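What follows is calculated from the coordinates using simple rules that are stated; it is not laboratory data. As the structure is a prediction and not an experimental result, all values here were calculated from the model. When we count neighbours, we look across all protein chains shown, and the Cβ atoms used for this are built from the backbone with ideal geometry, even at glycine.
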Amino acid sequence: MIDKKNFYINGQWVSPKSKEEIKVVNPATEQDCAVIGLANKDDINDAVVAAKNAYDTWAFTSKEERIQLLEKLYDSYKKRWADIAEAITMEMGAPKDFSTKLQAGTGAAHIKSFIKYLKNFEFEKPLGEHAPNQRLIYEPKGVCALITPWNWPMNQVCLKVMPALAAGCTMVLKPSELAPLSSMILAELIDEVKFPAGVFNLVNGDGATTGDALTSHPDINMISFTGSTRAGALISQNAAKDFKRVSLELGGKGANIIFKDADPEAIERGALRCFRNSGQSCNAPTRMLVEKSMYNEAVERLKKYAEEFKVDDPTKEGEHIGPVISETQYNKIQTLIQKGIDEGAKLVAGGPGKPEGINQGYFVKPTVFADVNNNMEIARTEIFGPVLSVIPFENEEEAIKIANDTPYGLTNYIQTQDPEKVKRVSRRVRSGMVDVNGAGIAVDAPFGGFKHSGIGREAGQHGLEEFLEVKAVGGWTN
């Protein structure tokens with residue numbers, strides 16, 4: 001078992017003051033694969049003090065100095081790409097090919113993207129030609145608490161750490177205790193590149209002890225959190241006590257609207273997007289809304305697709321999905337699948353229990369429910385597993401109404417060959433992102449949502465600006 005109990009604080013790997021430990025479980029084997037420390041208030045205070053002390057210097061470094069360090073980090077990341085992918089496969093069960101191409105790949109893409117945006121960003125600029133003596137100055141928000149999830153470990157860590165570094169913030173990162181190993185490799189790379197001591201700090205632990213101590217610490221100026229809507233609400237309460245800035249990327253229950261003129265691959269593409277990463281993506285299109293004239297055909301195609309969809313050992317190469325993250329998550333998904341059956345939805349494929357021939361690991365059958373109505377729990381709850389709910393609709397107006405009838409608003413999907421319909425529906429669905437005909441969302445497009453899906457945006461220029469305060473100066477002379 002891998003010993004990863006130390007924390008990275010003030011430029012050094014240090015032993016925790018707390019003696020409590022957490023075992024990291026490989027979800028494919030149900031066996032412990034590593035042990036980490038659980039940071040207490042004293043550990044958190046050490047990390048926050050280190051970040052606070054480093055801030056006064058790091059915040060005023062030149063843009064060129066930060067670019068140079070980030071470029072070195074990108075080069076180092078590429079050298080450890082395979083190690084990062086292997087860690088993600090072990091800690092959260094992402095299959096080998098998926099972990100290499102997408103899980104580790106998104107981390108690299110975000111580093112590269114933020115370097116580009118940092119190079120082009122103006123930290124000081126005139127308000128406008130109408131006010132020649134008015135200046136806008138963009139300053140780092142300060143000491144940041146970065147709390148990241150287990151489902152896309154490097155993607156989410158790099159969406160926070162990289163813009164924070166680029167902006168001139170200092171930080172304490174707490175990765176998910178379920179999948180911390182890839183983040184610890186990133187800490188090794190930051191150490192290797194020689195970012196100044198205290199700029200980046202990493203502690204491990206759970207939400208109740210470590211996360212609470214971190215988000216309530218009086219010297220934290222900003223909290224950037226990705227995770228459940230419930231946890232986001234609790235963090236917001238902690239932040240409100242002393243007006244910490246908050247950026248939250250939370251849950252989703254995306255609608256995928258399949259119009260009768262959708263392209264031939266739309267049904268299967270939608271199911272793939274739902275099942276990919278074992279359904280553990282906040283932006284997954286888990287509600288498929290299908291126009292009634294093609295509804296029966298769509299259900300038959302989904303049945304065939306789901307029954308043929310491969311679930312297998314994540315250490316194997318190939319196109320398949322692995323397990324879900326934990327026993328707790330597995331049991332939650334099983335309960336919701338049974339709830340769908342009890343509510344009267346038609347089980348088309350999959351269902352309770354593990355896939356045939358698999359007895360070990362937290363593997364879930366790709367599951368499709370048809371004849372779902374939008375009041376059912378499976379249509380309203382973020383299941384976070386490979387479970388698709390199929391809902392019929394009569395016309396465009398009804399599709400928009402169903403899509404918007406959710407507490408969430410992260411990503412919606414539209415499948416049609418009518419460009420005017422694309423524009424109409426895109427404007428009316430209430431979500432931070434809209435993916436049309438499988439085009440995808442660019443790596444530097446603003447990522448975030450409406451309603452219970454969170455506050456703020458990640459990635460690209462919008463992601464960089466999340467870590468900056470704007471200051472207006474009157475009477476500036478050139």
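By the rule of a C-alpha distance below 20 Å, with chain neighbours fewer than 8 residues away ignored, the aspartates and glutamates paired with residue 260 are 268, 291, 297, 300, 371, 394, 396, 397, 398, 418, 420, 435. Could you sort out which of 101/332; 160/365; 451/471; 79/116 sit more than 25 Å apart by Cα distance in this structure? In this structure, 101/332; 160/365; 451/471 exceed 25 Å between Cα atoms. Ranked by the mean number of other Cβ atoms within 10 Å of their residues, highest first, the peptides 175-183, 24-32, 438-446 fall in the order 175-183, 24-32, 438-446. Counting Lys and Arg as +1 and Asp and Glu as -1 over every other residue whose Cβ lies under 13 Å from the Cβ of residue 4, the net charge comes to -4.
Cα-based radius of gyration for the range 255-430, normalised by 2.2 N^0.38 Å, reads 1.00.
Here each label is just a point 7 Å from Cα along the line to Cβ, and for residue 476 and residue 124 those points are 0.8 nm apart. Dipole magnitude for the range 123-174: computed about the Cα centre from +1 point charges on Lys and Arg Cβ and -1 point charges on Asp and Glu Cβ, it is near 200 debye.
So, in Å, what gap is there between the alpha-carbon centers of the range 54-105 and the range 384-421? First find each Cα centre; the distance between them is then 35 Å.
Just flag the GluC sites (Glu not before Pro) in the range 91-133 sitting in loop per DSSP whose Cβ has no more than 13 other Cβ atoms within 10 Å.
Answer by residue number: 122, 129.
Taking a straight line from the alpha carbon of residue 310, these aspartates and glutamates sit under 12 Å away, with near neighbours fewer than eight places off in the same chain left out: 319, 356.
Under a model in which nothing but the beta-carbon of Lys, Arg (+1) and Asp, Glu (-1) is charged, the chain shows a dipole of about 660 debye around its Cα centre. Send over the per residue convex hull volume for the chain, Cα only, as a whole number of Å³. Convex hull of Cα atoms, per residue: 146 Å³. Each Lys or Arg adds one and each Asp or Glu subtracts one; over the other residues with Cβ under 14 Å from the Cβ of residue 257, this totals +3. Dipole magnitude for the range 347-448: about 180 debye, using +1 per Lys or Arg Cβ and -1 per Asp or Glu Cβ, origin at the Cα centre. Packing-based ranking of 263-276, 149-162 yields 149-162, 263-276, ordered from highest to lowest mean Cβ neighbour count within 10 Å.
Note: relative contact order over the chain, using C-alpha pairs below 8 Å and six or more positions apart, is 19 percent. Using the Cβ-Cβ distance between residue 338 and residue 276 with R0 = 25 Å, the FRET efficiency computed as 1/(1 + (r/R0)^6) comes to roughly 0.60. Other residues lying with their Cβ under 12 Å from the Cβ of residue 96 contribute a combined charge of -4, Lys and Arg counting +1, Asp and Glu -1. Under 26 Å of direct C-alpha separation, and excluding same-chain neighbours fewer than eight residues apart, residue 17 reaches these lysines: 4, 5, 41, 52, 174, 194.
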